[in-house]
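Taking it in order: structure first as structure tokens, then the write-up.
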Amino acid sequence: MRVKQACIVPFGTAKIWDGEVWLWVAVGFCLLFGGKGKGRMKLLIITETNTPGVLAPAHGDEKLDFQVHSLAPGRKLDQPHSALPAMIHDAGATHVALCSRLVESDQRSALFDHLTSAAQTPLWLPLVPASPADFLVRSVGMSLASLWFPAWQAGTVLVPASRLLENATASFQPLNWLIRAGYGPDTEAPGPRIDWSDNLLPLPTLVPWKGRCTDTQRALIHQAETWLPVEYDRNVPDFRAIQAGLLLWLDELKLSHEFAQSIEFTGTHRAGDYWHAIMHRREPDYGNSKYWFRHVGKHPIFAELAPLAREMAREMNLTLGNMAAEGSPWDPFAFVDWCSRCEVGSPEDLFARRLQAVEMILLLRQTLQDARRDAERN
């Protein structure tokens, strides 16, 4: 007969590991009767900010073991963490949650409620549903979204530990792993409304002064053929349009222009020409932007842009005129004119930056669809 083992770990027990603080949290007893404990889920929550010593109880705390690991001050998840794979392994975690902060009991409850569905597939749990960051992740997927904005800064990335540890190296970097993992868009399209009340997503300016690409981001974009999922056809113009779009959000106008110019007048919906038009609008060269919009013609995302623009304008008490009049199609030329008149810091400028972000997110989503191997070709 094997001896029963009971492990009681109180709230707030601190443990030091390689200069970083681990907060071990458990409720009640963890009873292991031979093999009976093997199926119990163990969640390791890794946060960028210091977690309170006492966490308010959450629904689901009693269902599983979980540990909270706060990175050392100044450390971020987008930096290399060579000890992280060993920590995950030693903790015996079945799942890992990556988030910027963990302060709400509802946040933990959501994690526990979704653990079963995250058995094999990573999940995204936004801090604010329907937020701009949520719209981004659901539109283009966690991987590409994190190339622009690390998903865990506006929510929680819940992944099976086994997936996180695949191909882990001594220079393991969570952000690089998430981007290269190739997790695509949500199967359910984002809702028709975006909640801008608590926006954590940095918005590109209308006219950038310089590029924001890090060396890592630039390398990943140029090497996209090595990590984007195989369903995206490397041999079609729309694949290069993906790269043009990824660079443009990061204000790399010159590099984006090179990709867009190499595929002009081609592609399922001329995505390269659309990115080309946005690039010149931001340059700013408004006449040239309109030239390329004329080559784009009627684009599929116009049907979504118009109602979103109207909703945003109502919330900000702005009048759009012909740009997205009720019952009328989206007018990209009117938006070029709007951007040309914006004063930095004005309500009109904020509206344009929000709408520009939505436009680029929708366009990247459509470009991804057009680059799929099973996409209908014109």
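Of note:
- In the range 289-330, the residue that is farthest from Leu363 (Cα to Cα) out of those that are in a loop (DSSP other than H, G, I, E, B) and among the charged types (D, E, K, R) is Glu326.
- For Leu123, the criteria (1) surrounded by fewer than 19 Cβ atoms within 10 Å (Cβ to Cβ); (2) within 26 Å of Pro192 (Cα to Cα); (3) modelled with pLDDT of 85 or more hold in every case but one, which is (1).
- Any hit, the range 15-34, residues being more than 21 Å from the chain's Cα centre (by Cα), closer than 30 Å to Ile179 by Cβ, at pLDDT 55 or above and not small (Gly, Ala, Ser): no
- Looking only at the range 212-232, and only at residues there that are farther than 18 Å from Ala260 by Cβ and among the acidic types (Asp, Glu), the one that is surrounded by the most Cβ atoms within 10 Å (Cβ to Cβ): Glu231
- Residue within the range 151-166 that is surrounded by fewer than 19 Cβ atoms within 10 Å (Cβ to Cβ), in contact (Cβ under 8 Å) with a residue 24 or more places away in the chain and under 15 Å from the mean Cα position of the chain (by Cα) present: no
- Subset tally (residues that are free of Cβ contacts under 8 Å to residues at least 24 places away in the same chain and either of a type in the set (Gly, Ala, Ser) or farther than 27 Å from Asp233 by Cβ (or both)) for the range 345-378: 2
- Selection within the range 333-350 - assigned to a helix (DSSP H, G or I) and under 29 Å from Asp198 (Cβ atoms): Phe335, Trp338, Cys339, Arg341, Pro347, Glu348, Asp349, Leu350
- Leading residue by the ranking (farthest from Trp177 (Cα to Cα)) among those in the range 201-211 that are crowded, with 16+ Cβ neighbours inside 10 Å and in contact with a Phe, Trp or Tyr (Cβ under 7 Å, 6 or more places away or on another chain): Pro204
- Where helices (runs of 4 or more DSSP H) fall wholly inside the range 158-252, the ranges with 2 or more residues that are within 30 Å of Pro284 (Cβ to Cβ) and in the same structural domain as Glu311 (by TED's automatic domain parsing) are 215-222, 237-249.
- Residue identified as free of Cβ contacts under 8 Å to residues at least 40 places away in the same chain and either aromatic (Phe, Trp, Tyr) or outside any loop (DSSP other than H, G, I, E, B) (or both) among Ser139, Ser146: Ser146
- Close contacts from the range 276-290, counting a first residue that is in the same structural domain as Ile263 (by TED's automatic domain parsing) and free of Cβ contacts under 8 Å to residues at least 40 places away in the same chain and a second that is surrounded by fewer than 21 Cβ atoms within 10 Å (Cβ to Cβ) and of a type outside the set (Phe, Trp, Tyr), with Cβ to Cβ under 8 Å and a gap of 6+ residues or different chains, come to His276/His257; His276/Gln261; His276/Glu264; Met279/Leu253; Met279/His257; His280/Asn288.
- With respect to the conditions (1) buried (at least 20 other Cβ atoms within 10 Å of the Cβ); (2) touching a Lys or Arg at 6+ places or on another chain (Cβ under 7 Å), Ala130 falls short on a single one, namely (1).
- Positions within the range 151-173 being touching a helix residue (DSSP H, G or I) at 6+ places or on another chain (Cβ under 8 Å) and small (Gly, Ala, Ser), in sequence order: Ala151, Ala154, Gly155, Ala161, Ala168
The values are calculated or read from the model by the stated rules, or taken from the named source; none is laboratory data. The structure presented is a predicted model; accordingly, all values stated were derived computationally and were not measured. All Cβ positions, even for glycine, are placed from backbone atoms using ideal geometry, and neighbour counts span all protein chains on display.
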